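*Asks:* The structure under discussion is supplied below as C-alpha cells; questions concerning it will follow.
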Amino acid sequence: MHSSDRWPNDPTTAWAQAVVDGDIVAGDLVRLTCERQLRDIRDGEKRGLYWRPERASRALAFFPAVLSITEGAKAGKPFHPLPWHVFTIGSLFGWRTAVDRMRWRNAWMETGKGQAKSPLMAGIGLYMMAWYGVPRAKVFAIGQDKNTANVLFKDAAAMCRAPIPVEDGEELDDGDTLEARGEVIIRGEGDNAWKIEHPETGSLFQALANGDAPSGPKPTLVCADEIHEFKSNTSLEIWRAAIAKMPGDALMMLGTNTPASTQFVGTDYSEFYQKVARGEIRDDEAFSFIARVDKADRENVFDNEACWQKALPALGITFPIENIRGQVNTARQILSTALSVKRLYFGIPIGASEFWIAEEAWNAVQGSVDVEKLKGCKCWLSLDLSQKNDLTALSAVWLGPDDKLYVKTWYWTTKDGLADRARKDQAPYDLWVEQGYLTPVDGAVIDKTFVAAQVAELCSAHDVQFLAFDVAGMADFEAACERIGFETWKYKGLGEPEGYGLKLVSHAQGTRVAFEDKQLCMPRSIEKLEDRILTKTIVIERSPLTYSCAANAYVTSDGMKNRAFDKKRSRGRIDGMVTIAMGVGAATNEMGGGSIDIDDLIKNAVVV
C-alpha cells in the first residue's frame, strides 16, 4: 500500500500510513496491524465494519482536555497521547459495526517496558467509565494479584486527583481536580484507593485481584495489565465470556511485556494475537498492537540502535534512549541480564517454543513454483490422507535443472463444519478457501476421488517416479483411483514383481529407521529436508496454509536422536509439513539401487 488521497485525513489513519510507507520505524507485527487498518478502511464495509474518524477524534480529544500526566518530567502537563497511543485509541474507538456497536471486543497491547501502557489503559478506563456515554458503566482493572490490578488503577486515581488541564496562557489550579469538583468519588485513601465512582452516570471503576469478581458482572471495560504475570487464564476467560454477553459496547483490553516461555498464559494469548496480526486467524473483533524487534534484528539487537524503536515506540519521546543504553551496557556483561533485557525491552521471547527449524531459514526458501516450467523434470509425490474431515495434503517435489528441489502442496477439506473447525483450530480456513489455498469438497468426509484426480493429472503431465504414502487411510485412496480408472500398484521391495501404473511406496512415520533397501522413513526425510533448507537448495511454494503447518509442527526424537513429526503434540494441523518431508525424502532417497552408507546406518539406524 502506498500513500493515497483515498485515505481519511485523521491522525489514526495518518500514523498507520506512515508506518506502512516506512516513515515511522516499526516492527513487522505493528506494520501488519497498520496494513489491516488501511485495508479495512478500504474494504471493511463489505463485512459490516465502518471507520468513523470523528469517534476516534472524540476519544483522542478527551485525554489532553480532562487528564494530566501524573509522573515524570512532564507531570502536570496535559496528557497528549503518544503517537502509538494515537493509533491505538483511534483504532479502538473509531471502528463501528453495522448495528453501530464498537467493533472490538478484545484488544492486546504488547510493548517493551516503559512505553506508557498503564497510563494509556487507565485513561481509556476513565473515558469509558464516565465520558464515553454508557450509563451505569462498569470498568474493572484486574491482575494476577491485588498489586498488579492496582498498577493501572493507581494511575487512574492519580489522574482524578491531578489538576485538570487548562488552555495555553491560563494558570493551572492545583486544587481544580475531578475529585475536588465532585465529578468522581474515590473510595479509599492514597494508594489504598480501590474504587472510583461517577455519580452523574452511576458508573464505577474498580480494581480486582485474580479470582475476585462481583456477582453477575456486566462489564463495559475490563483492563488487565501485566498478563505475563498470570498463572492461569481462568479469570481472563470468565471476564471474556462476560464481555461476550454484553449487548452494547464492551471491551476487554490486555496489556503486557513480551512473556517468557515459562509464562504460558501470556505466551498463548500473545501467539493468538500474533496470528491475528499476520492474518492467519481472521477475527474482526480482536485488535493487536505488538511492538517487538523483528527476528532479523535479534542477533545484533544490542548493537543496532536503529531497530530499538520497533519494541519501544515511546523511545526519544517520554522514554529517553539513555535509559535503554544503560540497560544494554549492563546486559553485555551479565548473561542473565542480557536475557531479561532482550525480552522485557526488545520483545525477544527468550526460550519460547520455536519453529521446528530456524524460521529465518524456512522463510528464505519460500517462493513461487511454476509447475509448467518443471515439465520433463523428475517428480515425486507424497500423500497424507485425513481421517475424516480435517486436512488432506498432497505434495509434489521436482528436481529442477539447477539441482534444486521445487515443492508445491495441494490441500482439501470438507465444506461441512468448516467454520467450526476454523474456530477450533484457530485457523482461517474460510479465508484460505477464498484465496485458493484450500479446496473444500461436499460432504462430511473428504471424497478421495478429488485427490486421485489431482494425482492422475500430475502423472499425465509430469515424469512422476512414485508416490510416497502414509499407510493410514490408503485403502480409500486406492479405491478412489480404481473408481476413476487410474492404475496404481504397491512396491513391496527388491526382487518383487512390478505392477502397472503409478508406483506407491510406503513411508514410515515414527522415529524408527529401517535400513533394508533404504526404506523411506521420517528421520531420514526430516534430515534431508533440513539439509536442503539450510543449504537453500529447495524452493517451497509460499502458502499461508503451509506456513501454518510448519509453525504448528512439533518434532520428537528418540534416544538415538532420530526425529519425526508428532501430530498429537503439535499445536495444530501439520499435514502439509508431513507431506513435504515425505516428498523430499522420496526425491533424495536411493531406493532400489546404489550402496548403503554404513557410517550413516550405524549413526541413525534402529534394527526392525
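*Asks:* Anything in segment 528-548 that is without any contact (Cβ under 8 Å) to a residue 60 or more places away in the chain and in a helix (DSSP H, G or I)? List them, or say none.
*Replies:* LEU529, ASP531
*Asks:* Quick one: which residue in GLU280, GLU299 is surrounded by 17 or more Cβ atoms within 10 Å (Cβ to Cβ) and of a type in the set (Asp, Glu)?
*Replies:* It is GLU280.
*Asks:* Could you say whether any residue in segment 182-203 is over 30 Å from ASN233 (Cα atoms), over 40 Å from the mean Cα position of the chain (by Cα) and touching a residue at least 40 places away in the same chain (Cβ under 8 Å)?
*Replies:* yes
*Asks:* Still on this structure, please answer the following. Is there a residue in segment 70-80 that is touching a residue at least 60 places away in the same chain (Cβ under 8 Å), closer than 30 Å to GLY48 by Cα and not charged (D, E, K, R)?
*Replies:* no
*Asks:* While we're here: Is it the case, given these coordinates, that LEU467 is of a type in the set (A, V, I, L, M), over 39 Å from the mean Cα position of the chain (by Cα) and within 25 Å of GLY400 (Cα to Cα)?
*Replies:* Criteria not met by LEU467.
*Asks:* Pick out the one residue from GLY473, GLY485 that is of a type in the set (Gly, Ala, Ser), surrounded by 15 or more Cβ atoms within 10 Å (Cβ to Cβ) and out of contact with any Gly (no Cβ under 9 Å at 6 or more places or on another chain).
*Replies:* After applying the criteria, what remains is GLY473.
*Asks:* Being surrounded by 13 or more Cβ atoms within 10 Å (Cβ to Cβ) and more than 23 Å from ARG421 (Cα to Cα) is the filter here, so list the residues in segment 432-460 that pass it.
*Replies:* Answer for segment 432-460, where residues must be surrounded by 13 or more Cβ atoms within 10 Å (Cβ to Cβ) and more than 23 Å from ARG421 (Cα to Cα): ALA452, ALA453, GLN454, VAL455, ALA456, LEU458, CYS459.
*Asks:* I've got another one for you. Which residues, counting only those in segment 63-108, are among the aliphatic types (A, V, I, L, M) and out of contact with any Phe, Trp or Tyr (no Cβ under 8 Å at 6 or more places or on another chain)?
*Replies:* ALA65, ALA73, ALA75, LEU82, VAL99
*Asks:* Against the conditions (1) under 30 Å from THR546 (Cα atoms); (2) at pLDDT below 95; (3) over 15 Å from the mean Cα position of the chain (by Cα), where does CYS307 fall short? Just the number, please.
*Replies:* (2)
*Asks:* So the check is Cβ under 8 Å with 6+ separation or different chains; which pairs have a first residue in segment 335-359 that's surrounded by fewer than 19 Cβ atoms within 10 Å (Cβ to Cβ) and a second one that's aromatic (Phe, Trp, Tyr) and modelled with pLDDT of 90 or more?
*Replies:* Partner pairs satisfying both residue conditions: ALA338/PHE302.
*Asks:* To continue, here is another question. Give THR70, THR88, THR33 a once-over and let me know the one that is assigned by TED's automatic domain parsing to the domain that holds VAL166 and in a loop (DSSP other than H, G, I, E, B).
*Replies:* Of THR70, THR88, THR33, the one residue that is assigned by TED's automatic domain parsing to the domain that holds VAL166 and in a loop (DSSP other than H, G, I, E, B) is THR70.
*Asks:* Please pick out the residue among ALA98, ALA18 that is over 26 Å from THR258 (Cβ atoms) and free of Cβ contacts under 8 Å to residues at least 60 places away in the same chain.
*Replies:* ALA98
*Asks:* Taking ARG423 and the conditions (1) in contact with a strand residue (DSSP E or B) (Cβ under 8 Å, 6 or more places away or on another chain); (2) under 21 Å from SER570 (Cα atoms), which numbered condition does it fall short on, given that it satisfies the others?
*Replies:* (1)
*Asks:* Can you tell me which residue is surrounded by the most Cβ atoms within 10 Å (Cβ to Cβ) among those in segment 183-205 that are at pLDDT below 95 and farther than 18 Å from ILE124 by Cα?
*Replies:* Within segment 183-205, the match that is surrounded by the most Cβ atoms within 10 Å (Cβ to Cβ) is ALA193.
*Asks:* I'd like to verify a number: residues in segment 426-450 that are touching a residue at least 60 places away in the same chain (Cβ under 8 Å) and in contact with a strand residue (DSSP E or B) (Cβ under 6 Å, 6 or more places away or on another chain), how many?
*Replies:* Qualifying residue count, segment 426-450: 2.
*Asks:* Given ASP470, ASP463, which one is modelled with pLDDT of 95 or more and in contact with a strand residue (DSSP E or B) (Cβ under 8 Å, 6 or more places away or on another chain)?
*Replies:* ASP463
*Asks:* Which one of these is modelled with pLDDT under 90 and charged (D, E, K, R): ASP268, ASP294, ASP283, ASP249?
*Replies:* Selected residue: ASP268, the only one of ASP268, ASP294, ASP283, ASP249 that is modelled with pLDDT under 90 and charged (D, E, K, R).
*Asks:* A further question follows. How many residues are in a helix (DSSP H, G or I) and either touching a residue at least 24 places away in the same chain (Cβ under 8 Å) or in contact with a strand residue (DSSP E or B) (Cβ under 7 Å, 6 or more places away or on another chain) (or both) when one looks only at segment 303-323?
*Replies:* Residues in segment 303-323 being in a helix (DSSP H, G or I) and either touching a residue at least 24 places away in the same chain (Cβ under 8 Å) or in contact with a strand residue (DSSP E or B) (Cβ under 7 Å, 6 or more places away or on another chain) (or both): 7 in total.
*Asks:* Right, here's the next one. Restricting the search to segment 360-413, which residues are under 20 Å from LYS536 (Cβ atoms), small (Gly, Ala, Ser) and surrounded by fewer than 21 Cβ atoms within 10 Å (Cβ to Cβ)?
*Replies:* Within segment 360-413, ALA361, ALA364, GLY367, SER368, GLY400 meet the criteria.
*Asks:* Considering only segment 534-576, state which residues are out of contact with any Gly (no Cβ under 6 Å at 6 or more places or on another chain), among the hydrophobic types (A, V, I, L, M, F, W, C) and within 30 Å of LYS424 (Cβ to Cβ).
*Replies:* Across segment 534-576, the qualifying residues are ILE540, LEU545, ALA550, ALA551, ALA553, VAL555, PHE565, ILE574.
*Asks:* For segment 65-94, give me each residue that is touching a Ser or Thr at 6+ places or on another chain (Cβ under 9 Å), surrounded by fewer than 18 Cβ atoms within 10 Å (Cβ to Cβ) and of a type in the set (Gly, Ala, Ser).
*Replies:* Residues satisfying the conditions are GLY72, ALA73, ALA75, GLY76.
*Asks:* Restricted to segment 100-146, and to residues that are of a type in the set (Lys, Arg) and crowded, with 23+ Cβ neighbours inside 10 Å, which residue is farthest from GLU183 (Cα to Cα)?
*Replies:* Across segment 100-146, the extreme among qualifying residues is ARG103.
*Asks:* While we're on this one: Looking at (1) aliphatic (A, V, I, L, M); (2) under 30 Å from PRO349 (Cβ atoms); (3) assigned to a helix (DSSP H, G or I), which is the one condition that is false for MET109?
*Replies:* That leaves (3) as the condition not met.
*Asks:* Report, by residue number, each residue of segment 282-302 that is over 24 Å from PRO81 (Cβ atoms) and in contact with a strand residue (DSSP E or B) (Cβ under 7 Å, 6 or more places away or on another chain).
*Replies:* The one that is over 24 Å from PRO81 (Cβ atoms) and in contact with a strand residue (DSSP E or B) (Cβ under 7 Å, 6 or more places away or on another chain): ASP284.
*Asks:* Can you say whether THR97 is assigned by TED's automatic domain parsing to the domain that holds ASP173, surrounded by fewer than 20 Cβ atoms within 10 Å (Cβ to Cβ) and of a type in the set (S, T, N, Q), as far as the supplied structure shows?
*Replies:* Yes; evaluated as a whole, the condition is true for this residue.
*Asks:* Going by the conditions given, is PRO428 farther than 24 Å from VAL584 by Cβ and buried (at least 21 other Cβ atoms within 10 Å of the Cβ)?
*Replies:* Answer is yes for this residue.
The values are calculated or read from the model by the stated rules, or taken from the named source; none is laboratory data. Predicted model, so just to flag it, every value in this text is computed and none were measured. We place every Cβ from the backbone using ideal geometry, glycine too, and count neighbours over all the protein chains shown.
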